[in-house]
Amino acid sequence: MSSDTNVNKSSPGTAEEQSDEPDGPLPGSAGDQETKVTLSPAKMSTKMSTDLIEYVDKDHSFLPVIPNVQRSQLENRLNTQERTIAFLLEQAFRIKEDLSACLQGTHGFQKEESLARKLLENHIQTITSIVKKLSQNIEILEDQIRVRDQAATGTNFAVQELNNKHLHGVGDLRGRVARFNSLSNNLYEEVEKIKKWIENQFIKYEKDQLGQMNQCLKRLQEKLEKSENKMEEKLLQLSSKLGNFINTHKQEAEPSKAKHIENKLSKKMSQLEKHIWDELEKMQNEYQSGFKSIHDSLSSLQQIHQTKMDLEIYKVQKDLKKLQRKIVEFREA
């Protein structure tokens, strides 16, 4: 029996052959059919099992760092990892079959058999560790995909909620603006109505006061005329009485008595004239006081009207300022 053992060429392949073509044709394809090479047990014993089969490049990690990429790229990497696992498993089974065939042809060489068994065990352990590492990487990728999906779902939900709140706020703001417009229109109409009512009331009150003033003036004139007529009548009566008295006593009285009587009559005439002028002055004062009271009432009425107008304008301005503040608060909210 020959000391060389036939082994499949694909089992001790280099790192470049397995790392560069993990997605190529699998070991059962036409490119790997019946290609054999001979290795002596001495050469096999001088190499470790991890040195015979190098599956990854030492300058690069087995799995690349997963950036924040699209979901399709993550799925493509998962598919690549699965295909690599399938490729490694098939390669392991092919190596196992080749080694079994090699062992069947070398029953007489115990040393070669033990070396082959160690090689097989080391190779199986290497494959198992690689498969475990690939499984861990797959789980990490699945967790990342799950976390990314959850984050995307949460982001979509938050965006939808913000959109709903925005639409609700815009609708509420439009309703408030419409209510404010209607309220401002109603307030303007009420202000115009109040203004017209105040003007009408002022005109009416002014007419009433003018009528009362005219009536008072007429009454005063009538009273003055009556008092003047009475005074004239009294003066005429007194003058006639004096004339009669003078004529009757002129003949009888002496000159001294006549002078005395004339002095008395002159005193009485001066007193009567003073009384008449006092009455006239009193009537004139009453007339002036009445006219002054009417003028004061008109001025007070005008002042009351102006005060009412100022109060109404102040109330309207205050309401407008409140509405403006509410509009500013609504816009800020």
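Given Cβ point charges of +1 (Lys, Arg) and -1 (Asp, Glu) and nothing else, what value in debye, to the nearest 20, does the dipole of region 182-332 about its Cα centre take?
Details: 29 positive and 25 negative charges, 48 e Å.
With only Lys, Arg, Asp and Glu charged at Cβ, the dipole is about 240 debye.
Apply the Karplus parameterisation 6.51 cos²θ - 1.76 cosθ + 1.60, with θ equal to phi minus 60°, to every residue of region 119-125 and state each ³J(HN,Hα) to the nearest whole Hz, in sequence, with x for glycine and proline.
Here the 3J(HN,Hα) series is 4, 5, 5, 4, 5, 5, 4 Hz.
Any chance you could check the Cα centroid distance between region 265-290 and region 160-189 for me, in angstrom?
So the two Cα centres are separated by 79 Å.
Once the Cβ-Cβ distance between ARG83 and VAL170 is put in as r, and R0 is 51 Å, what FRET efficiency do you end up with, to the nearest 0.05? Can you show the working numbers first?
Numbers: r = 53 Å, r/R0 = 1.04.
Working from the Cβ atoms, E equals 0.45.
Please rank PHE87, PHE157, fewest neighbouring Cβ atoms within 10 Å first, as an exposure proxy.
Values: PHE87 19, PHE157 10.
Placing the least packed residue first, the sequence is PHE157, PHE87.
Grab the Cα-Cα distance for LYS96 and GLU222, subtract it from 0.36 nm times how many residues apart they are, and report the gain in nm with one decimal. Write out the running numbers ahead of the final one.
Numbers: separation 126, 0.36 × 126 = 45.36 nm, distance 14.96 nm.
Length gained, LYS96 through GLU222: 30.4 nm.
What is the spin-label model distance, in nm, from SER135 to TRP277 if the labels are put 7 Å beyond Cα along the C-beta direction?
14.2 nm
Along the Cα-to-Cβ line of SER240, 7 Å from the Cα, sits a label point; which residues in region 260-285 have backbone N less than 20 Å from it?
269, 272-273
Explain nothing, just compute: Karplus ³J(HN,Hα) = 6.51 cos²θ - 1.76 cosθ + 1.60, θ = phi - 60°, for every residue of region 312-327 in order, whole Hz, x for Gly and Pro.
5, 5, 5, 4, 5, 4, 5, 5, 5, 5, 4, 5, 5, 4, 5, 5
Quick one: give the max-minus-min coordinate of the C-alpha atoms of region 182-332 along each principal axis, largest first, in Å.
Taking the Cα atoms of region 182-332, the three principal extents are 114, 22, 6 Å.
Beyond 31 Å between alpha-carbons counts as too far, so tell me which of LYS165/LYS193; LYS207/LYS322; LYS193/LYS326; LYS207/LYS318; LYS223/LYS268 fall in that bin.
Distance filter (> 31 Å) returns LYS165/LYS193; LYS207/LYS322; LYS207/LYS318.
For GLN73 and LYS118 in the same chain, what is the full-extension length gain: residue separation times 0.36 nm, less their Cα-Cα distance, in nm?
Details: separation 45, 0.36 × 45 = 16.20 nm, distance 4.00 nm.
Length gained between GLN73 and LYS118: 12.2 nm.
If each residue's Cβ is checked for other Cβ atoms within 10 Å, how do ILE127, ILE140 rank with the fewest at the top?
Neighbour counts put them in this order, fewest first: ILE140, ILE127.
Extending each Cα 7 Å along its Cβ direction at GLN324 and GLU262, get the distance between those two points in nm, one decimal.
That separation, rounded to one decimal, is 9.0 nm.
We did not get these values from a lab; they are worked out from the coordinates using the rules stated. Every value quoted in this text rests on a predicted model; they were computed, and no experiment measured them. FYI the Cβ positions are ideal-geometry reconstructions off the backbone, even for glycines, and counts take in every protein chain you see.
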